[in-house]
Amino acid sequence: MLGKIIQNPLVGRQIKNMAQRRRTTPKIPSNQFVIELKNFYMGLSPLAHLDSLTQKGNEGHASTMTDCDILNGYIAQGPGLANLTNGTQVGAVKELIKFILDVPTSNNTTYGIGTTKLFEISSTTVTNDGTYPHTITNCTDGSSVAYLLGNGYYFYNKSSGGDIGKIIFGSPDDFDDDWGSTTPTGKASLQKAPHPVAVKEDLMAFGNGQYLGVYIADTNTLAPTKLDFGNNCEVDDVIFHANYWYIAVNGGITGTNRSIGQIYLYDGAATESILADETGVGFQKIGFLYVLDGIDKVTYKDLSSTGGYNIGYILGRQIKKLASFTGTLPTFAQKTLYQHTILFLSSGSLWSFGAVSPDLPAQVSQITDGGYATCGALAAPFGTPMVASTDNTNYRLAKFSGYTTTTAWKSIVIPTASGYLLGYIDNITVSTNSLGANARMDLVIEADQATRTSNSKSITTTGKMRHIFDTFGLGEVSDFRVALSASNGSTSNVVKIRNIIIKGHWCSSG
């Protein structure tokens, strides 16, 4: 908890040094307080998803944040977005891109699928050359793309049922849009459903409504209904890890009803029709599966809890909750790796979970905006995340570039009332990086359960690193939190808050 002091045992010279410091460091008078906010890599408070005025947390936790990058321990502006060349409706992107293959198929080339088209994408450009974007015959809803043994495959739905197309790489590329229903042994149409897909050596496993489908490239054999999970069930993600296929299945009546989420393990050879094991999350809906550092992570939603979107990990036959977030449940197409954390989409915003270093605790934070209100695919095949979005008229595919000015961060609420005494904030010192031209964040104090707001103070001035403020115009306060905003900031020169020191004293409430 904030303000708790823990002393470690000291021996030898350390004790002597400690005694010297006691003689030279002035004591804080008994009616004064000093609070330091730091270690901002902690991210959001464990209860921030339930209470925006939470007091739960430590000196680095936030009660709320918007578009804020705290991964390196500072409070900094989140990444901005820049459209790829041809990355809007003026160029090649005239529909929402639903899925982007998160690995390149060749140097600086990957593929995405939209509502009706297949896209070729580089780190800077969406190809617009007559071959791409490719209009997929009968496609009404693109689902996913896979790369297996030098070949590309794209999954999509039609007005009735679904299919798999195949990219025949060449100069130019050619396309077999109905390959799955016409070519391989076991050819068949797919269910009209989401089609998450994963690959391993010569195998491809994919969701097909209530079924898991399997394709074996060596024998050119397709088994679209290899495993049957039953009526009212749907495969919503599949990954391969540690010689098993992990299959996320949600069961129950569609709509706003409760789902029963199960994660099944299936032997890596994919030859049997028997499952190896299963893990249940109970009456909760699964979003996506993701492997990070050899640990299988899962997002899921508890319909009985407000803001109950969770991320956890699979431990045997259990799901261990790690953190919660707000918004919506991300899908298999809305996850990627960023600075050694899992980056995912929720309600049009990008979130991060994890830690950039094993020496830091895992955090959850809302790092930047996804663009337009409705987001589609999220991926980082070339290292820099890119995200697709639409407002139903305009479309874009954009990547991280520069800094956003929509950043806002608020500390947890800090109580200052003690019996008949209330707190009075005398001054605040903010330490930053050496600020560039036009770099700026503004600071206010929100007092008494955020019902009163102080005068605004500007953290700015080129080259400045230490910023001292007083005269907040609040008088006595029963509690407060520090609130920061970059709305007047720069998109090219970032502000990084290293720590915030609040000095005050207690006085009679009268």
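Do any strands (runs of 3 or more DSSP E) entirely within segment 370-476 hold 1 or more residues that are within 30 Å of THR85 (Cα to Cα), and if so, which? Show your work before the answer.
Working: elements: 374-379, 386-390, 395-403, 408-411, 421-432, 441-447, 457-459, 466-470.
So the answer is 374-379, 386-390, 395-403, 408-411.
Looking only at segment 94-109, decide whether some residue is among the aromatic types (Phe, Trp, Tyr), part of a strand (DSSP E or B), farther than 21 Å from SER347 by Cβ and modelled with pLDDT of 95 or more. Give the steps one after another, and end with the answer.
Within segment 94-109, the first condition is being among the aromatic types (Phe, Trp, Tyr), and the residues that meet it are 99.
Remaining after also requiring part of a strand (DSSP E or B): 99.
If we keep only those that are farther than 21 Å from SER347 by Cβ too, we end up with none.
No; the residues of segment 94-109 include none that is among the aromatic types (Phe, Trp, Tyr), part of a strand (DSSP E or B), farther than 21 Å from SER347 by Cβ and modelled with pLDDT of 95 or more.
Just need a number here: residues in segment 161-200 that are surrounded by 21 or more Cβ atoms within 10 Å (Cβ to Cβ), of a type in the set (A, V, I, L, M) and farther than 18 Å from THR137 by Cα.
Number of matching residues: 2.
Can you tell me which residue among VAL103, VAL126 is in contact (Cβ under 8 Å) with a residue 12 or more places away in the chain and crowded, with 22+ Cβ neighbours inside 10 Å?
Numbers: VAL103 fails: crowded, with 22+ Cβ neighbours inside 10 Å.
Every option except VAL126 fails the conditions.
Taking the residues in segment 444-466 that are of a type outside the set (Gly, Ala, Ser) and touching a Phe, Trp or Tyr at 6+ places or on another chain (Cβ under 7 Å) as candidates, determine which candidate is surrounded by the fewest Cβ atoms within 10 Å (Cβ to Cβ). So that I can check it myself, show each step before the final result.
Step one: of segment 444-466, the residues of a type outside the set (Gly, Ala, Ser) are 444-446, 448-449, 451-453, 455, 457, 459-462, 464-466.
Now drop any that are not touching a Phe, Trp or Tyr at 6+ places or on another chain (Cβ under 7 Å), which leaves 445-446, 455, 457.
Numbers: ILE445: 24, GLU446: 22, ASN455: 13, LYS457: 19.
Ranking the candidates gives ASN455 first.
What are the residues in segment 144-168 that are without any contact (Cβ under 8 Å) to a residue 24 or more places away in the chain and either over 13 Å from HIS134 (Cβ atoms) or assigned to a helix (DSSP H, G or I) (or both), if any? Break it down into steps so the answer makes sense when it comes.
Residues of segment 144-168 without any contact (Cβ under 8 Å) to a residue 24 or more places away in the chain: 150, 159, 166, 168.
Those that are without any contact (Cβ under 8 Å) to a residue 24 or more places away in the chain and either over 13 Å from HIS134 (Cβ atoms) or assigned to a helix (DSSP H, G or I) (or both): GLY150, SER159.
Which is out of contact with any His (no Cβ under 8 Å at 6 or more places or on another chain) and closer than 22 Å to LEU443 by Cβ, of GLY73, GLY87, GLY114, GLY91? Don't jump to the end; show me each part of the working.
Details: GLY87 fails: closer than 22 Å to LEU443 by Cβ; GLY114 fails: closer than 22 Å to LEU443 by Cβ; GLY91 fails: closer than 22 Å to LEU443 by Cβ.
After ruling out the rest, the residue left standing is GLY73.
How do the strands (runs of 3 or more DSSP E) wholly within segment 314-362 filter down when requiring 1 or more residues that are among the small types (Gly, Ala, Ser) and surrounded by fewer than 22 Cβ atoms within 10 Å (Cβ to Cβ): which remain?
On the way: elements: 318-325, 335-338, 341-346, 349-354.
The qualifying strands (runs of 3 or more DSSP E) are 318-325, 341-346, 349-354.
Residue check: is THR416 surrounded by 17 or more Cβ atoms within 10 Å (Cβ to Cβ), polar (S, T, N, Q) and closer than 22 Å to THR341 by Cα? I'd like the intermediate steps shown before the answer.
Values: surrounded by 17 or more Cβ atoms within 10 Å (Cβ to Cβ): yes; polar (S, T, N, Q): yes; closer than 22 Å to THR341 by Cα: no.
No; evaluated as a whole, the condition is false for this residue.
I'd like to know if segment 328-340 contains one or more residues that are modelled with pLDDT under 95 and of a type in the set (D, E, K, R).
No: zero hits.
Do we have any residue at all in segment 467-485 that's without any contact (Cβ under 8 Å) to a residue 24 or more places away in the chain, among the polar types (S, T, N, Q), surrounded by fewer than 19 Cβ atoms within 10 Å (Cβ to Cβ) and in the same structural domain as PRO415 (by TED's automatic domain parsing)? I'd like the intermediate steps shown before the answer.
So the first thing to find is which residues in segment 467-485 are without any contact (Cβ under 8 Å) to a residue 24 or more places away in the chain, and the list is 471, 473.
Those left that are additionally among the polar types (S, T, N, Q): 471.
Checking the rest, the ones that are also surrounded by fewer than 19 Cβ atoms within 10 Å (Cβ to Cβ) come to 471.
Applying the additional criterion that residues be in the same structural domain as PRO415 (by TED's automatic domain parsing) yields 471.
Checked segment 467-485: at least one residue is without any contact (Cβ under 8 Å) to a residue 24 or more places away in the chain, among the polar types (S, T, N, Q), surrounded by fewer than 19 Cβ atoms within 10 Å (Cβ to Cβ) and in the same structural domain as PRO415 (by TED's automatic domain parsing).
The values are calculated or read from the model by the stated rules, or taken from the named source; none is laboratory data. Just so it is clear, the structure is predicted and the values come from calculations on it, not from any experiment. Cβ: placed from backbone, ideal geometry, glycine included. Neighbour counts: every protein chain shown.
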